[in-house]
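Shown next, in structure tokens, is the structure this report addresses.
The values are calculated or read from the model by the stated rules, or taken from the named source; none is laboratory data. Only a predicted model underlies this, so the values are computations on that prediction, with no experimental measurement involved. Cβ sites come from the backbone with ideal geometry, for glycine too, and all protein chains shown count toward neighbours.
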Amino acid sequence: MKIANGDEIIAGEKSPDTLGVKALDDYTLEFKLAKPIPYFVKMVGHTTISPVHKATVEKYGDQWTKPGNFVGNGAYTVADWVVNERIALERNKNYWDDAKTVINKVSYLPIDDLNAEMNRFLAGELELTSTIPPEHYKRLKKQHPESLTVVDRLCTYYYRFNTKVKPFDDPRVRKALSYGINRDVVSNALLGAGEKPAYFLTHGGIGGFDPAKPAYANLTQKERDAEAKKLLESAGFSQDNPLDFTLLYNTNESHKKIAVALASMWKRLGVKVTLDNQEWKTYLDTTRKGNYQVARAGWCADYNEASTFLTLMQSDNESAGKDYGSTEYDNIIEQAYAASSDAERSQAYNDAEAKLAEDMPIAPIYQYVNKFLIKPTLGGYPFNNPEQNVYTKDLYLKAN
């Protein structure tokens, strides 16, 4: 967000009380930025900007969110909280727009088992699910078309290359593996619920930016495979000296299915792949330390603007860019920050995507969709909101 003095405070060079954020009065919050951010208003919709009641936190410490303690400014207040069972909210009569709230009480259920969630919905216990088991998509589409919903979700699934280790310091190797991925097979055959092949990092549903496809996206898969073989040969790999590497992914059946499929695609190029799955916390620790060659990854937009994806690959970004480290790419993003018009900024974003296609520090694979079940009697759902920000205050129940 480029809040004034933010970087200096994190670096320990300035005191936290110098941060460029101040309450001018009971109703006005002022931000001072280190540089202009034209999409700043979109960024403040993120949950990190939600206000927290200071006196409540100071009084109750880590118990401040418990029923009876919690104080917030939302449409609902906490009525009941049973860990791993439910969180129940009741309508907040003090909410500024309470007159337009319809639902008086709502319960959120933390259900880890996707099949259990689906079955409880089909049994009439839930009005809405978070997702569905992928293997049940076709059955649900046939048997429950009135409830099954598929909408864009601003997330991109990709593989990241550690350009700091051999042989992935060679862009020819990275390009060869990216070209060898048949994205249509992944999107249509393995997933098959409306996911789109990805040839750039930015999701196609992002507002105000329409990325230009890189040249390899216009080739047939046969042509891409042929180019991949040439690149591997020029990088010194052959049948006698095959590329052999380990692919890391966090434990998940869908990730495993995709990893197995891509290993098979790369095998046709003469590449040997060892699959390594790790639990989420271990996976995060491994990638943060740079102890990997190729790793599964994904990114979901924090706000509806292309920078939420493209800043991911800056050198100072611990999530991905640190293992790319391109000064040229960093400069392109800085040009986007300094752009004086939307057209100029959009051109910088296209330049950034072109640079990623040229260097290939990541291999984009597919763009997400959100698949879930919703009762026809639940109204007010924001189907056209690609960020999928769902607020119960906007929902209502219709008569059967």
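Summary table below
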{"item": "Complete set of residues in the stretch 242-281 that are more than 22 Å from PRO134 (Cβ to Cβ) and under 19 Å from the mean Cα position of the chain (by Cα)", "result": "LYS281"}
{"item": "Filter result for the condition that a residue is within 22 Å of the chain's Cα centre (by Cα), within 30 Å of SER319 (Cα to Cα) and exposed (fewer than 15 other Cβ atoms within 10 Å of the Cβ), over THR131, THR156", "result": "THR131"}
{"item": "Lone unmet requirement of (1) buried (at least 18 other Cβ atoms within 10 Å of the Cβ); (2) aliphatic (A, V, I, L, M); (3) under 30 Å from PHE237 (Cα atoms) for VAL165", "result": "(1)"}
{"item": "Residue ID - surrounded by the fewest Cβ atoms within 10 Å (Cβ to Cβ), chosen from residues in the stretch 35-60 that are of a type in the set (A, V, I, L, M, F, W, C) and under 20 Å from THR77 (Cα atoms)", "result": "ALA55"}
{"item": "Every pair of residues 6+ apart whose Cβ atoms lie under 9 Å, when the first sits in the stretch 67-85 and is closer than 10 Å to TYR95 by Cα while the second is at pLDDT below 95 and among the small types (Gly, Ala, Ser)", "result": "GLY72/SER50; ASN73/SER50; GLY74/SER50"}
{"item": "Some residue of the stretch 299-306 being surrounded by 13 or more Cβ atoms within 10 Å (Cβ to Cβ) and part of a helix (DSSP H, G or I)", "result": "no"}
{"item": "GLU344 within 24 Å of MET1 (Cβ to Cβ) and touching a Leu at 6+ places or on another chain (Cβ under 9 Å)", "result": "no"}
{"item": "The lone exception for ASN370 - which of (1) within 27 Å of GLY124 (Cβ to Cβ); (2) in contact (Cβ under 8 Å) with a residue 60 or more places away in the chain; (3) in a loop (DSSP other than H, G, I, E, B) it fails", "result": "(3)"}
{"item": "So GLN335, is it in contact (Cβ under 8 Å) with a residue 12 or more places away in the chain, surrounded by fewer than 17 Cβ atoms within 10 Å (Cβ to Cβ) and assigned to a helix (DSSP H, G or I)", "result": "yes"}
{"item": "Test: LEU24 is touching a helix residue (DSSP H, G or I) at 6+ places or on another chain (Cβ under 9 Å) and of a type in the set (A, V, I, L, M)", "result": "no"}
{"item": "First in the stretch 24-38 and assigned by TED's automatic domain parsing to the domain that holds ALA339, second anywhere and among the charged types (D, E, K, R), Cβ under 6 Å, 6 or more apart", "result": "none"}
{"item": "Single unsatisfied condition, GLY325 versus (1) out of contact with any Phe, Trp or Tyr (no Cβ under 7 Å at 6 or more places or on another chain); (2) under 22 Å from TYR159 (Cβ atoms); (3) assigned to a helix (DSSP H, G or I)", "result": "(3)"}
{"item": "Looking only at the stretch 343-400, and only at residues there that are in the same structural domain as PRO134 (by TED's automatic domain parsing) and of a type in the set (Gly, Ala, Ser), the one that is surrounded by the fewest Cβ atoms within 10 Å (Cβ to Cβ)", "result": "ALA399"}
{"item": "In the stretch 236-266, residue nearest to ASN188 (Cα to Cα) [restricted to those that are touching a helix residue (DSSP H, G or I) at 6+ places or on another chain (Cβ under 7 Å) and surrounded by 17 or more Cβ atoms within 10 Å (Cβ to Cβ)]", "result": "ILE258"}
{"item": "Every residue from the stretch 196-227 that is surrounded by fewer than 21 Cβ atoms within 10 Å (Cβ to Cβ) and closer than 14 Å to TYR368 by Cβ", "result": "LYS196, PRO197, GLY204, GLY205"}
{"item": "Count of the stretch 229-251 residues which are farther than 19 Å from PRO171 by Cβ and aliphatic (A, V, I, L, M)", "result": "1"}
{"item": "Matching residues, the stretch 275-293, being assigned to a helix (DSSP H, G or I), hydroxyl-bearing (Ser, Thr, Tyr) and either touching a residue at least 24 places away in the same chain (Cβ under 8 Å) or touching a helix residue (DSSP H, G or I) at 6+ places or on another chain (Cβ under 7 Å) (or both)", "result": "TYR283, THR286, THR287"}
